[in-house]
Amino acid sequence: MGFDAIEVITVKRDRGELSAAQIDWVIDAYTRGEVADEQMSALLMAILLNGMNRREIADWTQAMIRSGERMDWSALDRPTADKHSTGGVGDKITLPLAPLVAACGAYVPQLSGRGLGHTGGTLDKLESIPGWRASLSNDEMLAVIRSAGAVVCAAGAGLAPADKKLYALRDVTGTVESIPLIASSIMSKKIAEGTGSLVLDVKAGSGAFMKNVDDARELARTMVELGTDAGVRTVALLTAMDRPLGLKVGNALEVEESVEVLAGGGPADVVELTVRLAREMLEAAAVPGARDPEQALKDGSAMDAWRRMIGAQGGDPDAPLPKAAESAVVTAPASGTLVTLDALKVGVAAWRLGAGRARKEDPVSAGAGVVLHAKPGDEVRAGAPLMTLYADEAGRFDRALQALEGAYEIGDQDGADLLPLVIDRLTA
Ligand code: URA
């Protein structure tokens, strides 16, 4: 049935409910170029202001899925499991997690993105490994998954093309921060990717999309409902992003830290979250006879899966990682407890050092970033290194140091007032 764009816009402007037919029509007509950008912008703003109910969000998500191809992993002989994080500073968990879950018995087909703004992108991180390729055909993806158990690669242009167009429009019309639009955008791609089960890592805090726990919980609940309604077993963890995750922030630096985890070491928070998410994925996928993730980190089988996965995508897991030419040390101005370390400010500093991009087409520096020498709760001594900044050009340090103004507080409290690493768990 054909509609008129103005009719659809005015329903939402007047706080009405869009029918399934209206949603199908407007998404399809916009993808084909029949509904103009200015009309879709008005509709997106009406949705941001007036919301959508559960049925409307599910219909909106399904319409975006139908705009493109749907992948199918039914030829594989083991259950598939995937994870999606809403993104944060130092969030490199996909890197150790995908091979770890593969080593424990599930197949992990993971389509990932690039970073924009202060949060890093998984593909940018992996591209710091010499030779590694992000773009694979569907046949190549299947071959990598069969040989390594996991594949992490870029989503092809055929997956939810309506979302690609809508996301670009939201980016320039102030309509990104709408829970129905974020949830449907993420879940349309995850459902189209064809995984049987999905674990969501929804971050809360300064370095996350959702600054407070209540908004993060609402986003998580909406996404769990969408996944469940689409027949994907979906679980969400709410996790802390008030401070950076781990000690290293930046592309090659985060690969380095991920390899430390796969070798049985690494910072406690990265290890804890990786193991917890691995257990959730194996449970959601109902993998028969799944191995224990902690054991797979200890006995080297997760590292073996990583080496196979990187090698199958053209990368050399033994090649030295790129290093930045310049470094600058930030020292502690006083002795005491590091009480806060703001995730957003550290993320912006890493971005200004060259680890992130301002526009989609910008290159990123592989070696740039921040290495933390202390985390909140740790004791620090006046004059001791607090963090080291890395950049390809020394001219970047001034702006990065400006971003770090007020980023940390040293006090005499006995421990810092932090969010728990795992705040909550949501299921259908
Ligand atoms: N990530 C997405 O894929 N879509 C959004 O809307 C926000 C984050």
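The values are calculated or read from the model by the stated rules, or taken from the named source; none is laboratory data. Worth saying up front: this structure is predicted, and the values here are computed from it rather than measured. Neighbour counts run over all protein chains shown; Cβ positions are idealised from the backbone, glycine included. The area values use the complete protein model at the heavy-atom level, side chains included, leaving out ligands, DNA and RNA. Shrake-Rupley method; radii C 1.70, N 1.55, O 1.52, S 1.80 Å.
Counting other Cβ atoms within 10 Å, which trypsin sites (Lys or Arg not before Pro) in segment 66-114 have at most 16 and lie in a DSSP loop?
On the way: sites: 66, 70, 83, 92, 114; in loops: 70, 92, 114.
Hits after loop and neighbour filter: 70.
Quick one: which residues, 5 or more positions from residue 410 or on another chain, have an amide H under 5 Å from its amide H? H modelled 1.01 Å from N in the peptide plane, none for Pro or chain starts.
Sorted by chain and number, the residues that satisfy this are 339.
Provide the net charge surrounding residue 395, with neighbours chosen by a C-beta distance below 13 Å and charges set as Lys +1, Arg +1, Asp -1, Glu -1. Let's see the in-between values first.
Numbers: positive: 352, 396, 399; negative: 326, 392, 393, 398.
It works out to a net charge of -1.
Kindly sort 379, 34, 225, 257 by accessible area of their heavy atoms, largest first, with the probe set to 1.4 Å. Write out the running numbers ahead of the final one.
Values: 379 130, 34 105, 225 40, 257 0 Å².
Largest accessible area first, the residues go 379, 34, 225, 257.
Which far-off residues, 5 or more places away or on another chain, put their amide H under 5 Å from the one on residue 198, with H placed in the peptide plane?
82, 233, 234, 235
Out of all DSSP beta bridges with both ends in segment 81-319, state the antiparallel percent to the nearest 5.
Working: 1 of 20 bridges.
Roughly 5 percent of the DSSP beta bridges within segment 81-319 come out antiparallel.
When the Karplus curve 6.51 cos²θ - 1.76 cosθ + 1.60 is applied with θ = phi - 60°, which whole-Hz ³J(HN,Hα) does each residue of segment 401-413 get, with x for Gly and Pro?
5, 4, 4, 8, 4, x, 6, 9, 9, 10, x, 10, 5
Just the number please: accessible area per residue for the chain, 1.4 Å probe, all protein chains included, in Å². All intermediate terms of the calculation are to be shown ahead of the outcome.
Numbers: 16880 Å² over 428 residues.
I get 39 Å² per residue for the chain.
Heads up, I need the accessible area for residue 359: 1.4 angstrom probe, whole protein in place, Å², nearest 10.
140
Placing unit charges on C-beta atoms (Lys and Arg positive, Asp and Glu negative, everything else neutral), compute the dipole magnitude of the chain about its Cα centre in debye, rounded to 20.
400
Spelling out what I want: for every residue of segment 316-333, take phi, set θ = phi - 60°, compute 6.51 cos²θ - 1.76 cosθ + 1.60 (Karplus), and round to whole Hz; glycine and proline get x.
Coupling constants for segment 316-333: 10, x, 9, 5, x, 7, x, 10, 6, 6, 10, 9, 9, 9, 9, 9, 6, x Hz.
Skipping prolines and chain starts, which residues have an amide H placed within reach, meaning under 5 Å, of the one on residue 384, given they are 5 or more residues away or on another chain?
Close amide H contacts, sequence-distant or interchain: 332.
For segment 5-51, with the dipole built from +1 on Lys and Arg beta-carbon atoms and -1 on Asp and Glu ones, taken about the Cα centre, which of 35, 45, 23 lies farthest toward the positive end?
Positive-end residue among those listed: 45.
Residues of segment 319-338 with amide nitrogen under 19 Å from the 7 Å Cα-to-Cβ point of residue 401?
325-334
Report the Rg/Rh value for the chain, based on alpha-carbon coordinates and the Kirkwood definition of Rh. Working shown, then result.
On the way: Rg = 21.7 Å, Rh = 22.2 Å.
Rg/Rh: 0.97.
Ignoring everything except DSSP H segments at least 4 long, calculate the 222 nm mean residue ellipticity for the chain; use -39,500 (n - 2.57) per segment, divide by total residues, nearest 500.
Working: 16 runs with 179 residues, N = 428.
After summing the helix terms and dividing by the residues of the chain, the value is -12500 deg cm²/dmol.
Do any GluC sites (Glu not before Pro) in segment 170-219 lie in a DSSP loop with no more than 14 other beta carbon atoms within 10 Å, and if so, which? All intermediate terms of the calculation are to be shown ahead of the outcome.
Numbers: sites: 177, 193, 218; in loops: 177, 193.
Here the GluC sites (Glu not before Pro) that fit, given the DSSP loop and packing criteria, are 177.
Could you work out how much longer the chain between residue 418 and residue 137 gets when fully extended? Use 0.36 nm per residue separation minus the Cα distance between them, nm to one decimal. Walk me through the intermediate numbers first.
Numbers: separation 281, 0.36 × 281 = 101.16 nm, distance 4.31 nm.
Length gained between residue 418 and residue 137: 96.8 nm.
For segment 173-309, give the percent of accessible area contributed by carbon and sulfur heavy atoms, probe 1.4 Å, rounded to a whole number.
On the way: 2240 of 4260 Å².
Roughly 52 percent of what the probe reaches on segment 173-309 is carbon or sulfur.
Tabulate in residue order the Karplus-calculated ³J(HN,Hα) for segment 297-303, using 6.51 cos²θ - 1.76 cosθ + 1.60 with θ = phi - 60°, rounded to whole Hz; enter x for Gly and Pro.
6, 5, 8, x, 6, 5, 5
Could you work out the local net charge near residue 67, counting Lys and Arg as +1, Asp and Glu as -1, over the other residues with Cβ closer than 12 Å to its Cβ? If you can, show how the numbers build up before the last one.
Working: positive: 32, 66, 70, 164, 165, 189; negative: 24, 28, 69, 163.
Value of the local net charge: +2.
Over the alpha-carbon set of segment 81-319, work out the extent along each principal axis and list the three values in angstrom, largest first.
Its Cα atoms span 46, 38, 36 Å along the three principal axes.
List the trypsin sites (Lys or Arg not before Pro) within segment 1-60 that fall in a DSSP loop (any state other than H, G, I, E or B) and whose Cβ has at most 11 other Cβ atoms within 10 Å. All intermediate terms of the calculation are to be shown ahead of the outcome.
On the way: sites: 12, 13, 15, 32, 54, 55; in loops: 15, 32.
Those satisfying the criteria are 15, 32.
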